[in-house]
Every structure is written in structure tokens, then in C-alpha cells.
Amino acid sequence: MTIARLADLADPALAPRLVVKVGSSLLVDKQGQPRRAWLQGLVAELAAARARGQQVIVVSSGAIALGSRRLGMKGGGRASLADAQAAAAVGQIALAGLWADLLGAHDLAAAQILLTLEDLENRPTYLNATATLGRLLDAGAVPIINENDSVATQEIRFGDNDRLAARVAQAAGASAVILLSDVDGLYDRNPRDPGAIRIETVQGITPEVYAMADGGSASGMGSGGMTSKLQAAEMAGLAGIALTIGSGLVDAPLARVIDRGVGTLFLPVRKAGAMKAWLGGRLRLKGSLVIDDGAEQALARGGSLLAAGITAVEGDFARGDLVAIRRKDGALLGKGLAEYDAPACHQLQGRPTSEHQAILGYAPRSAVVHRDQLVLL
């Protein structure tokens, strides 16, 4: 049995482990103060989920907003990278204390984990995070996770907690992700437009689904928009994880999503193995390999990427780096670990395997990207 409707998110048999993401505009008001009464209601819902046998992880925004108020910063702490890093350093203390206090009222222990993009892009630290999350949940704690904004840079960061939530769900082996935000789901157009219709269920993220997205965060306080939520759904789906978008602009938001069915449920279309799900969720691509139709068909049949099917090599990457595999029109087809660096790929592109040893001067590898180190999206 698998999750098929929003009501299934309350079933411990179908959703034994949940990730709930809370956006900045929900946690902090316009004056930079915690929305404590609303949070008390949400925590009561999380405690109820625990009581019925579900494990819960919270991905919480709000550190920058809380810290900027305490430091008296203009622009909500986002005027510069230095402001954001400083505000986050102060705000994380307040944020952790807030969650610890509220969960403690239900006799639940809060555990803080701060992550950077690099922590989850690197395989050993990703596995360390997996082990830590598992142990905390088994011990009865509620992990409270946020991006480590005090050390993250603009070049090396998730940039929003939607994708972080999906990545954490992969690492934790979660069944579902619930993104609470300032919208109550995906609409077929901008929800402010007259006649906009909320989509109840989506199976597979297609270009047509992305075309429905509206770019920004409505509150101006957070960093994500609908596009980042769709990217999160795509990442979660690759690991066989369902993802839901629901509004947190109400009291008891989980009940509105689960009991009343107000939200959009994204169903995974397939489940990749753990290694391939990790590859598919990685965000830092070092280059691209553009392939022809024959190579695309071979990949669809489960084959490796051979040099003969490569029509262009883009970027400067080393052996073992993650590269994009793209169609001729630039559309992203998949991701994989390169078996050669960029100069060698330039030498080999379009050439049959029988010529590789003469070109390279050494015994060639079996493929440019081996099927075991490649995931199609």
C-alpha cells in the first residue's frame, strides 16, 4: 500500500515518518516576533501525530527573521550576505529555544541539526546525517532542521527550505513531506487570477506542471516560491516520497490539509535506489554532456552513456564530478558521475569505443557515465 490521498498522511502504516516544513512567514510576524499561538497549535498537531505512532521531523525557517529583529537590521536581515549570516547566528538560538519550549510542553525532546548544501551533496556526510536522524527518531526526539545560514554562501546553499525538506526526507527515509507555506497548493495559474483552479493531485513533474508555477514568495519574507516547491516534489518523488503543499495561514494547518483535503498531493512516479535518489537530489552540477537521440534511447533501456552518443561537452569538471545529461534542446534528462574529466570527454565525444585507447593512450573505461552512477529524471 502507498499514499494515494491526503487523508493517508495520518495513517502510521502508510506514512510512518513525516517531514513538515514551516516557512518564515508562518513562524514570524511582520514585526519579527514569533507567532507563538499559531505554533502552539501546530506543535499540538505534531504531538498528536507522534501519539498515533508517526515519527516527525521539522524543517523550520525563521532564524534570519528572528535574528534581524534582535539586531535591529533593516530589510529583514537580507540586505546583504553578511547581514543574513549574522542574523542567522543570533536567530538560531532563539529558534531552537522556541521549538524546545513548545515541544517540551508535550514532553517531546527537540534536537537541532544545521545543514549546508555541501553536507548533503557529499556522500559520507549525507550518510552521517542519515544515521543521526535515524538515531534521534528512534530515541523519541523531534529533529528541528534548518540550513546553516551562518556559514552558507550564495554559491553553496540550498537557498530555500523546500528543497532542503525534500533532501532531508531522502536522508531520513521519510514517507511524505508536508510543505506549509503561504499558499494552499498548486494552481493551474497564478492563484490571484480569477478562475484559478487548485490542482488536487499531481503524478510526475512535467514541463507543463512547471509552467503553472509563479516565481516568488508571496510574503517577501521567505526565499522560496512555487518553483522551488515543484523542485522539492521532483526530488522527493525520485526517492518514492509523496509531497504535499498546504497553507499554514490557518489554525491547525495539518488538519486542514489531511482531514479537509485542502492542498496538492504530489505522488511519486517511481522509486530509485538509495544511491540514485541521492544523485538525483544533488544540486551542484559541474558540467553537461549533450547527447543524441540514439544515446537517449539507450539510456531509457537501462544502458550506460557511451562517448559515441555525446554531441557536446560543457563546463570544466574532473573525473567523479556530477554532470548533467541533456538533450539537444538543452532539456535536463538526467545526472551522473563522469568517468573522465572534461578534456578527455572532448577528445572522446562522438567517437566509437574501439578508438578510445588510441586517443587516450591508456585502457579506456567502459563508459563515460556508467548506468550504476546515473539517474534519469
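Each value in this text was obtained by applying a stated rule to the coordinates, not by laboratory testing. Given the structure is predicted, the values throughout are model-derived calculations rather than measurements. Glycine gets a Cβ as well: all are built from the backbone with ideal geometry, and neighbour counts include every protein chain shown.
For Arg36 and Asp372, compute 0.36 nm times the residue count separating them, minus their Cα-Cα distance, and round to one decimal in nm.
In short, 116.2 nm is gained.
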Worksheet item: Who wins for biggest fluctuation among Gln297, Gln170, Gln54 in a Gaussian network model of the chain, springs between alpha carbons below 10 Å?
Response: Gln297
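Using the 10 angstrom Cβ neighbour count as an exposure proxy, how do Ser25, Ser68 rank, fewest first?
On the way: Ser25 22, Ser68 25.
Fewest to most other Cβ atoms nearby, the residues stand as Ser25, Ser68.
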Discussion item. Using the basic label-point model (7 angstrom from Cα toward the beta carbon), what is the Lys74 to Arg52 distance in nanometres?
Written reply: 4.9
Item to complete: Only helices at least 27 Å long along their axis, Cα-based, and averaging -0.5 or more on Kyte-Doolittle count here, so list those DSSP H runs from the chain.
Response: 81-104
Fill in: Distance from segment 321-359 to segment 12-33 (C-alpha centre basis), Å
41
Item to complete: Treating cross-link reach as a plain straight distance, find the lysines whose alpha-carbon is under 27 Å from the alpha-carbon of Lys30, omitting any fewer than eight places away in the same chain.
Response: Lys21, Lys74, Lys229
Worksheet item: In nanometres, what is the gap between the two model label sites at Arg284 and Asp193, each 7 Å from Cα along Cα-to-Cβ?
Response: 3.8
Practice prompt. Based on other C-beta atoms within 10 Å, arrange Thr311, Thr244 from fewest to most.
Written response: Thr311, Thr244
Item to complete: Select from Leu230, Leu26, Leu360 the residue whose mean-square fluctuation is largest in a Gaussian network model of the chain (Cα-Cα springs shorter than 10 Å).
Response: Leu360
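Taking the Cα centre of the chain as the origin, how large is its charge dipole in debye, to the nearest 20, when only Lys and Arg (+1) and Asp and Glu (-1) carry charge on their Cβ atoms? Could you put the intermediate results ahead of the total?
Working: 38 positive and 37 negative charges, 58 e Å.
Value, rounded to 20: 280 debye.
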Worksheet item: Quick one: which of 172-184, 8-20 comes out on top by average Cβ neighbours within 10 Å, and what's the full order, highest first?
Response: 172-184, 8-20
Fill in: Where a label projected 7 Å from the Cα of Leu332 along Cα→Cβ would reach, residues of segment 159-179 with amide N under 18 Å
159-171
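Subtracting the Cα-Cα distance from 0.36 nm times the residue separation, let me have the gained length for Asn128 to Thr2 in nm, one decimal. Present the calculation step by step, with values, prior to reporting the outcome.
Values: separation 126, 0.36 × 126 = 45.36 nm, distance 2.77 nm.
Here the segment from Asn128 to Thr2 would lengthen by 42.6 nm.
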Worksheet item: In which sequence would Ile205, Ile93, Ile145 go, from the one with the fewest C-beta neighbours within 10 Å to the one with the most?
Response: Ile93, Ile205, Ile145
Worksheet item: Want the number for Thr311 to Ala252: 0.36 nm per residue separation, take away the alpha-carbon distance, what's left?
Response: 15.9 nm
